[in-house]
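S.K.: I have a structure here, written as structure tokens, and I will follow up with some questions on it.
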Amino acid sequence: MDKTPASVDVLQDVIGYHFNDLSLLHKALTHASLSGEGLLSYERLEFLGDAVAGLVVAERLFNAPGRPSEGEMTSIKSEVVCRRSMMHAGQRLNLGEYVRADRGLARRKAYPASVIADAFEALIGAVFLDGGFHAARQFVLRALDPEVREAQQRRHPPNHKSILQEMVQSDGGPPPSYRTLRREGPDHEARFLTAAFIGGVEAGTGWGATKKDAEQQAAKAALESRYPDWMAHR
């Protein structure tokens, strides 16, 4: 049985963006196999969307707390702006339910991963043309957030102490300080409870197998307490 595309009204709600020019959205969801029927496919939009995604991810990495190096940013960007990540993002949006293709391709149980990845990139391009860079930026940041976070964690686990210090000092405050509150267990299984203080006020506590580990956990707790919005989007 041929695959009938779902309503694009639902997709617009899912992606959090409603098009002024719906023809752009329809074009982003049209496979090249239909080009012979007088319909423009998503191929040109795919090219544009890939470039926009690269810029958005690069900007996010450049402004990330902890100031990752050029090499770190390059590695993370290459992991995020790739066919595999685009495919996963497209699958989360269920783009396969909306893509239009010829009968041969539409008869399959599911579209190939490459089709989903291409349609996702084309969707970025369509949002960019319809709503400008700000709209495209918001969409890309939402859609690729899991991939960015995973790549950042894998390439460079966060140094919560450094990040907390940078955040506090950017607000005009003095560097955070740390104090060991408790030590438990024998020497070979010791555990430490440490508190992070901001402006002399306790901001978070954490346990660790070493004092350094405990300070990192305390800094993380302080970030979650004082900067919840940043922690939610890192």
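The values are calculated or read from the model by the stated rules, or taken from the named source; none is laboratory data. Small disclaimer: the values here were computed from a predicted structure and weren't measured. Glycine gets a Cβ as well: all are built from the backbone with ideal geometry, and neighbour counts include every protein chain shown.
S.K.: Any residue in the stretch 159-172 that's among the basic types (Lys, Arg): show its pairings with residues that are in a loop (DSSP other than H, G, I, E, B) at Cβ separation under 8 Å, as long as the two are six or more apart or on different chains.
M.R.: Close Cβ pairs satisfying both conditions: LYS161/PRO176.
S.K.: What about PRO146, is it in a loop (DSSP other than H, G, I, E, B) and within 24 Å of the chain's Cα centre (by Cα)? Please lay out each step first, then the result.
M.R.: Working: in a loop (DSSP other than H, G, I, E, B): no; within 24 Å of the chain's Cα centre (by Cα): yes.
Judged against the criteria, PRO146 is not a match.
S.K.: In the stretch 162-178, what residues are buried (at least 16 other Cβ atoms within 10 Å of the Cβ), in contact with a strand residue (DSSP E or B) (Cβ under 8 Å, 6 or more places away or on another chain) and not in a loop (DSSP other than H, G, I, E, B)?
M.R.: LEU164, VAL168, TYR178
S.K.: Do we find a residue being assigned by TED's automatic domain parsing to the domain that holds LEU24, modelled with pLDDT under 90, in contact with a helix residue (DSSP H, G or I) (Cβ under 9 Å, 6 or more places away or on another chain) and more than 30 Å from GLU166 (Cα to Cα) anywhere in the stretch 118-140?
M.R.: Keep residues of the stretch 118-140 that are assigned by TED's automatic domain parsing to the domain that holds LEU24, which gives 118-140.
From what is left, the residues that are modelled with pLDDT under 90 are none.
No - not one qualifying residue is present in the stretch 118-140.
S.K.: Can I ask one more? Just one of (1) within 21 Å of GLN153 (Cβ to Cβ); (2) of a type in the set (A, V, I, L, M); (3) modelled with pLDDT of 90 or more trips up ALA232, so point out which.
M.R.: Checking ALA232 against (1) within 21 Å of GLN153 (Cβ to Cβ); (2) of a type in the set (A, V, I, L, M); (3) modelled with pLDDT of 90 or more, the one that fails is (3).
S.K.: When you look at GLY96, is it at pLDDT 80 or above, more than 22 Å from LEU22 (Cα to Cα) and out of contact with any Asp or Glu (no Cβ under 7 Å at 6 or more places or on another chain), yes or no? Walk me through it before giving the result.
M.R.: Values: at pLDDT 80 or above: yes; more than 22 Å from LEU22 (Cα to Cα): no; out of contact with any Asp or Glu (no Cβ under 7 Å at 6 or more places or on another chain): yes.
No: the conditions fail for GLY96.
S.K.: Please indicate, with yes or no, whether at least one residue in the stretch 191-211 is part of a helix (DSSP H, G or I), out of contact with any helix residue (DSSP H, G or I) (no Cβ under 7 Å at 6 or more places or on another chain), closer than 30 Å to ARG84 by Cα and without any contact (Cβ under 8 Å) to a residue 40 or more places away in the chain.
M.R.: no
S.K.: Scan (1) in contact with a Leu (Cβ under 8 Å, 6 or more places away or on another chain); (2) crowded, with 17+ Cβ neighbours inside 10 Å for the single condition ARG183 breaks and write down its number.
M.R.: Evaluating ARG183 over (1) in contact with a Leu (Cβ under 8 Å, 6 or more places away or on another chain); (2) crowded, with 17+ Cβ neighbours inside 10 Å leaves (2) as the failure.
S.K.: Only one of these conditions is not met by SER75: (1) closer than 30 Å to HIS160 by Cα; (2) modelled with pLDDT of 90 or more. Which number is it?
M.R.: (2)
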